[in-house]
1. Considering the range 2-35 alone, what residues qualify as being at positive phi and surrounded by fewer than 11 Cβ atoms within 10 Å (Cβ to Cβ)?
2. Tally time: how many residues in the range 17-51 are basic (Lys, Arg) and touching a strand residue (DSSP E or B) at 6+ places or on another chain (Cβ under 7 Å)?
3. Condition first: of a type outside the set (A, V, I, L, M), outside any helix (DSSP H, G or I), farther than 18 Å from Gln42 by Cβ and free of Cβ contacts under 8 Å to residues at least 12 places away in the same chain. Now tell me which residues in the range 1-19 satisfy that.
4. Between a first residue in the range 20-49 that is farther than 12 Å from Lys5 by Cα and a second residue that is exposed (fewer than 13 other Cβ atoms within 10 Å of the Cβ), which pairs have beta carbons less than 7 Å apart while being 6 or more apart in sequence or on different chains?
Amino acid sequence: MQPLKPLPSELRLQQEYGVARGTVRAAIALLRERGLVMTMPQRGTYVTEGR
C-alpha cells in the first residue's frame with residue numbers, strides 16, 4: 001500500500017479474509033507497534049512511510 005493511504009475498515013478486512021475481529025485488531029496492533037500504520041481516532045488507520 002502507498003504511504004498515508006487508509007486501510008479498509010476492520011469489518012471489511014474481517015469479511016475479505018474470513019477471520020475474527022480480534023485477529024484483525026491484533027494484526028493492526030502489530031503493524032502499529034512496528035511503525036507501519038498509524039490510527040487516528042474517528043478517522044481510521046493509515047499506512048505510514050515506515051521507519
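A short reminder: the numbers here are calculations on the coordinates, not readings from a lab. Predicted model only: the values in this text are computed from it and were never measured. All Cβ positions, even for glycine, are placed from backbone atoms using ideal geometry, and neighbour counts span all protein chains on display.
1. Quick first cut of the range 2-35, residues at positive phi only: 4, 18, 35.
Answer for the range 2-35, where residues must be at positive phi and surrounded by fewer than 11 Cβ atoms within 10 Å (Cβ to Cβ): Leu4, Gly18.
2. Here is the first cut: in the range 17-51, the residues basic (Lys, Arg) are 21, 25, 32, 34, 43, 51.
Narrowing the set further to residues that are touching a strand residue (DSSP E or B) at 6+ places or on another chain (Cβ under 7 Å) leaves 32.
Counting residues in the range 17-51 that are basic (Lys, Arg) and touching a strand residue (DSSP E or B) at 6+ places or on another chain (Cβ under 7 Å) gives 1.
3. Answer for the range 1-19, where residues must be of a type outside the set (A, V, I, L, M), outside any helix (DSSP H, G or I), farther than 18 Å from Gln42 by Cβ and free of Cβ contacts under 8 Å to residues at least 12 places away in the same chain: just Gly18.
4. Close Cβ pairs satisfying both conditions: Gly35/Gly50; Gly35/Arg51.
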